[in-house]
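The structure under discussion appears below in the form of structure tokens.
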Amino acid sequence: MPCEDPTEEGWKRFLDNPEFELLLCFPSQIQATKVMASLDLLSSHSPDEQYIGEHMEAAWGEEPDIKEAFEMFCARLKELEKIIDDRNADKTLKNRGGAGVVPYELLKPFSEAGVTGKGVPYSISI
């Protein structure tokens, strides 16, 4: 397979049997399993995970200006979620029709537990 440090021998092997050289580029089953397990672990939402705009800090409720700003922020997040849902349902938009179309949910504000591909967490730690 062509690479950064080509050798005559490697190029000859590639020309003789390109499929074999390509298969050498793939990870082993154990390497692929480790990556899959890591991605699953890092992509999962905890059942008690908090999402941005979901809960107001207690101290914020005592200050009327902050409370009002937080409520406006929460309302805007709900509007954004509705916009995302509406665009996913609109088949006239590019890439929204046909076989294998997955709805866009990455920046939907809220999520269920598990690997969902949606929800903006209040904070992250890896």
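Backbone amide hydrogens, once placed in the peptide plane, bring His45 within less than 5 Å of Gly114, Val115, Thr116, excluding anything fewer than 5 places away on its chain.
Of the solvent-accessible surface of the chain, computed with a 1.4 Å probe over protein heavy atoms with every protein chain present, carbon and sulfur atoms account for 60 percent.
Normalised per residue, the accessible area of the chain is 81 Å², obtained with a 1.4 Å probe and no contribution from ligands, DNA or RNA. Here's how it looks for Tyr51: its modeled amide H is under 5 Å from those of Tyr122, which are all 5 or more places away or on a different chain. Summing charges over all other residues whose Cβ lies under 14 Å from the Cβ of Ser43, with Lys and Arg as +1 and Asp and Glu as -1, gives -3.
Can you tell me how the stretch 72-126 classifies by the Cα gyration tensor, rounded, prolate or oblate, using a/c under 1.5 as the rounded cut?
On the way: a/c = 3.25, a/b = 1.45, b/c = 2.24.
The shape class here is oblate.
Does the chain classify as rounded, prolate or oblate by the C-alpha gyration tensor (a ≥ b ≥ c root eigenvalues; a/c under 1.5 gives rounded; else a/b over b/c gives prolate, otherwise oblate)? It comes out prolate by the Cα gyration axes.
Got the relative contact order for the chain handy, in percent, Cα pairs under 8 Å and 6 or more residues apart?
On the way: 101 pairs, mean separation 36.7, N = 126.
In percent, rounded to a whole number, it is 29.
The number of Lys pairs in the chain with C-alpha atoms less than 27 Å apart, excluding pairs fewer than 8 positions apart on the same chain, is 18.
The values are calculated or read from the model by the stated rules, or taken from the named source; none is laboratory data. Keep in mind it's a predicted model, so treat the numbers as computed, not measured. Every residue, glycine as well, gets a Cβ built from its backbone with ideal geometry; the counts of neighbours run over all protein chains shown. Heavy atoms of the whole protein, side chains included, go into the accessibility calculation; ligands, DNA and RNA do not. Shrake-Rupley method; radii C 1.70, N 1.55, O 1.52, S 1.80 Å.
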